[in-house]
1. Scan (1) at pLDDT 95 or above; (2) within 14 Å of the ligand (Cβ to nearest atom); (3) touching a His at 6+ places or on another chain (Cβ under 9 Å) for the single condition A:Ser124 breaks and write down its number.
2. At least 2 residues that are within 20 Å of B:Ser59 (Cβ to Cβ), in contact (Cβ under 8 Å) with a residue 40 or more places away in the chain and not small (Gly, Ala, Ser) in each: list the strands (runs of 3 or more DSSP E) lying fully within the range B:90-168 that qualify.
3. Of the residues A:Tyr104, A:Tyr47, A:Tyr22, which single one is modelled with pLDDT of 65 or more and under 22 Å from A:Lys232 (Cβ atoms)?
4. If you check A:Phe55 against the conditions, is it in a loop (DSSP other than H, G, I, E, B), surrounded by fewer than 22 Cβ atoms within 10 Å (Cβ to Cβ), away from the ligand (no atom under 16 Å from the Cβ) and modelled with pLDDT under 95?
5. Name the single residue that is nearest to the other protein chains (Cβ to nearest Cβ) among those in the range A:200-253 being buried (at least 18 other Cβ atoms within 10 Å of the Cβ) and in a strand (DSSP E or B).
6. Restricting the search to the range A:200-243, which residues are more than 16 Å from the ligand (Cβ to nearest atom) and charged (D, E, K, R)?
7. I'd like the full set of residues that are among the hydrophobic types (A, V, I, L, M, F, W, C), within 12 Å of chain A (Cβ to nearest Cβ) and out of contact with any Gly (no Cβ under 9 Å at 6 or more places or on another chain), limited to the range B:175-225.
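The values are calculated or read from the model by the stated rules, or taken from the named source; none is laboratory data. The model shown is predicted, which means the values in this text are computed figures rather than measured ones. Neighbour counts run over all protein chains shown; Cβ positions are idealised from the backbone, glycine included.
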Amino acid sequence: MQEKVVGSTHSKTTGLPRKRFYRARAHSNPLSDSHFPVPLCPGQFDYSLHYPQLFPSSSNNGCVKKIQFADIGCGFGGLLVSLSTLFPETLMIGMEIRDKVTEYVKERISALRTTNPGQYQNISVVRTNSMKYIPNYFEKGQLTKMFFLFPDPHFKEKNHRRRVISPHLLDEYAYTLAVGGIIYTITDVEELGEWMESCLDEHPMFEAVSEEEVKADPVVNLLTSATEEGQKVARNGGKTFRAIYRRISPSSS
Amino acid sequence: MEEGEGNREVEVAPALVAVHPSHSSVVVAVASDLRVYDLSGDRPVTLGDEPGRSNHSDSIRAIRYAPDGELFVSAGDDKRVNVWSVDSWRCIGTVCCEKRVSSVAISPNGLYVCFADKFGVVWVVSVEKDDADQQFVKDKPTPMLAHYCSIITSLAFSPDGRFLVSADRDSKIRVSVVPKEPLKGAHEIQSFCLGHSEFVSCLDFVYTSEYSKGLLVSGSGDSTVRLWDCETGSLLDIFDVGSKVDDFAPNGVEGEMHYVVTDLCASPNDTRIAVAVQSLNGIVLLNCDLPGKTLSIIMVVRIAGEAFIPTSLGTGSGQNLMWMVAGVSKLTGLDSTLPIVLVKTMTGFRSNTDQEPTVQPSNEIPGSLKLLEHLQGSLQVEGPAISAAANAWRLAMCNLMVKKQYSAETREFRKRTRNDKKAAQ
Ligand SMILES: C[S@@+](CC[C@H](N)C(=O)[O-])C[C@H]1O[C@@H](n2cnc3c(N)ncnc32)[C@H](O)[C@@H]1O
């Protein structure tokens with residue numbers, strides 16, 4: 001590969017961006033008003049910018065394929081990279097609120113595209129506040145998988161409303177997921193694990209996925225093995241708490 | 001400082017008007033005052049047991065009659081929601097909330113009162129009957145749905161009662177399916193109506209007996225009125241106030257808030273829509289072609305003389321009359337801190353009338369001077385005070401709705417000086 005096009009913020013040997021140049025504050029406050037562009041509605045999301053090989057020009061945007069997987073709070077993008085080759089036909093996006101982290105993921109994907117021609121064309125990332133703008137990116141029932149992996153815990157009671165899984169936000173996730181779609185959550189914080197599970201349990205539009213199905217799902221292992229946070233927890237021998245639920249139609253209420 | 005909490009000093013609340021569905025009474029709210037005039041009996045109404053008192057201790061931000069006309073609800077900055085029985089004008093219940101209330105609605109079946117707080121949560125309480133067949137309000141509200149941390153500016157039930165529509169200052173309109181048991185929450189989202197590029201300020205439904213489901217109309221800070229199919233969330237038409245109303249000479253007001261749509265009012269069981277715009281002394285009258293799914297302008301109705309820029313519009317069903325108020329809760333700068341409000345009416349509102357839409361002179365308003373004296377608090381409102389009120393309202397709206405664009409330095413400074421940060425160290 002052509003090493004010389006890659007700057008010093010990138011590894012000489014792999015062409016991948018180095019994480020330490022993209023460090024950022026550990027937590028962002030999702031409540032504060034940020035200023036990044038947000039599509040006014042899903043139709044205005046420019047697929048050609050994100051998946052240029054699959055959507056060569058913005059004019060044929062009205063076409064068939066839409067994003068089906070979303071990794072919410074994707075961090076450094078490890079999950080997307082693994083899913084990309086596992087589901088090469090599926091379009092996926094990571095949503096991340098931290099600017100520098102988003103930049104890192106962008107660089108990472110573009111480096112992977114360069115080193116592996118024809119591959120990693122189906123993944124991308126946007127900087128956004130997922131708690132506010134999910135409906136701006138996806139239509140009703142568009143997604144088949146949503147990931148919430150090792151989200152920020154926001155321990156204090158008064159900060160629970162900043163949690164990315166909450167009874168009210170689940171309404172929006174239920175809207176965005178197709179019936180049968182799966183929501184994956186995992187954390188190493190026991191209290192948060194219980195919270196996410198109870199929110200999902202009490203929601204009329206989600207039901208727990210059975211243990212057998214969880215075992216048979218190739219994605220489940222990636223929740224820990226492919227994510228940067230998951231790897232960290234595994235290195236430290238920490239416990240993880242999973243809640244995997246399916247979007248169902250509400251019983252005619 | 002949390003989002004949505006503006007500077008209290010510059011906070012000015014607009015005067016509001018609501019008209020009984022069968023035009024038997026009209027209510028004006030300004031500051032903490034609720035002023036009711038009985039149109040059938042042609043007399044001012046004294047509220048409840050406490051003469052002249054509204055039970056509110058701070059600015060009223062939202063008033064609404066139930067679609068069946070039995071109840072009336074008022075709420076605002078004092079974090080209280082008062083529910084009134086319209087027959088007796090007795091307050092049948094007060095609900096206390098944790099946050100200030102920005103919007104209210106009553107379900108078409110009259111069983112549920114919904115209200116939104118300034119953090120984007122919509123709460124619901126049920127109205128029930130006791131053994132003596134007296135209506136009362138269950139005092140503990142339950143959260144029904146939420147817009148993540150945004151001010152909810154408007155709530156509206158669809159005419160058939162199937163949907164509850166909520167609009168916010170982030171330009172989002174959410175359409176929720178009203179469940180059989182609203183107290184368990186409205187979890188199923190029917191659609192989002194997305195397309196406004198600024199805050200959404202107002203919502204209403206246009207419907208007729210042939211098109212009973214109706215279409216949703218919204219007004220926004222992006223100076224458009226939009227028409228939606230709320231079942232699918234599809235945008236059907238856009239009326240751009242700024243570009244289409246070219247004979248529209250604003251009152252020499254400079255700044256970005258020129259054509260902000262502040263309120264709209266659809267004539268019930270009809271196709272006309274009156275639109276109030278930030279700097280227009282008058283209203284824009286639109287027509288909605290329901291089968292064709294389009295909006296078109298009929299005319300701009302101007303109000304001669306003073307700077308009457310309506311802050312709120314209202315009408316009753318089957319009425320050819322549209323009510324307008326202009327005013328604010330208080331004026332800073334002028335000596336007086338009294339609320340200011342002016343009331344006017346326009347005839348020729350409905351589409352089936354031959355009458356040219358015209359603003360009525362004071363003596364032709366129903367109730368005439370007696371009504372004006374009661375609802376305005378005085379017959380004489382000075383010209384400069386009215387202009388000052390219009391300006392105060394424009395500024396307040398700007399402060400509340402337009403997102404603060406902090407420079408990078410200010411943002412860093414705000415971060416460093418935040419209280420929660422200090423406490424965490
Ligand atoms: C602890 S990290 C986990 C990252 C990744 N999922 C993993 O497992 O490696 C949580 C991430 O969520 C992001 N985040 C927090 N709130 C967010 C929001 N409202 N919208 C988008 N991203 C958010 C944070 O910036 C952070 O990168």
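1. (2)
2. On the way: elements: B:90-96, B:101-106, B:112-117, B:121-129, B:135-137, B:142-146, B:152-157, B:163-168.
Strands (runs of 3 or more DSSP E) meeting the threshold: B:90-96, B:101-106, B:112-117, B:152-157.
3. Working: A:Tyr47 fails: under 22 Å from A:Lys232 (Cβ atoms); A:Tyr22 fails: modelled with pLDDT of 65 or more.
Answer to the selection: A:Tyr104.
4. Values: in a loop (DSSP other than H, G, I, E, B): yes; surrounded by fewer than 22 Cβ atoms within 10 Å (Cβ to Cβ): yes; away from the ligand (no atom under 16 Å from the Cβ): yes; modelled with pLDDT under 95: yes.
For A:Phe55, the condition - in a loop (DSSP other than H, G, I, E, B), surrounded by fewer than 22 Cβ atoms within 10 Å (Cβ to Cβ), away from the ligand (no atom under 16 Å from the Cβ) and modelled with pLDDT under 95 - is met.
5. It comes out as A:Phe206.
6. Listed by number, the residues that qualify are A:Asp201, A:Glu202, A:Glu207, A:Glu211, A:Glu212, A:Glu213, A:Lys215, A:Asp217.
7. Here is the first cut: in the range B:175-225, the residues among the hydrophobic types (A, V, I, L, M, F, W, C) are B:175, B:177-178, B:183, B:186, B:189, B:192-194, B:199-200, B:202-203, B:205-206, B:215-217, B:225.
Remaining after also requiring within 12 Å of chain A (Cβ to nearest Cβ): B:175, B:177-178, B:183, B:186, B:189, B:192-194.
Correct list: B:Val177, B:Leu183, B:Ala186, B:Ile189.
Matching residues to (1) within 12 Å of the ligand (Cβ to nearest atom); (2) over 22 Å from A:Tyr245 (Cα atoms); (3) modelled with pLDDT under 95:
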| position | (1), (2), (3) |
| --- | --- |
| A:Gly62 | no, yes, yes |
| A:Ala70 | yes, no, no |
| A:Ser82 | yes, no, no |
| A:Leu91 | no, no, no |
| A:Asn116 | no, yes, no |
| A:Gln119 | no, yes, no |
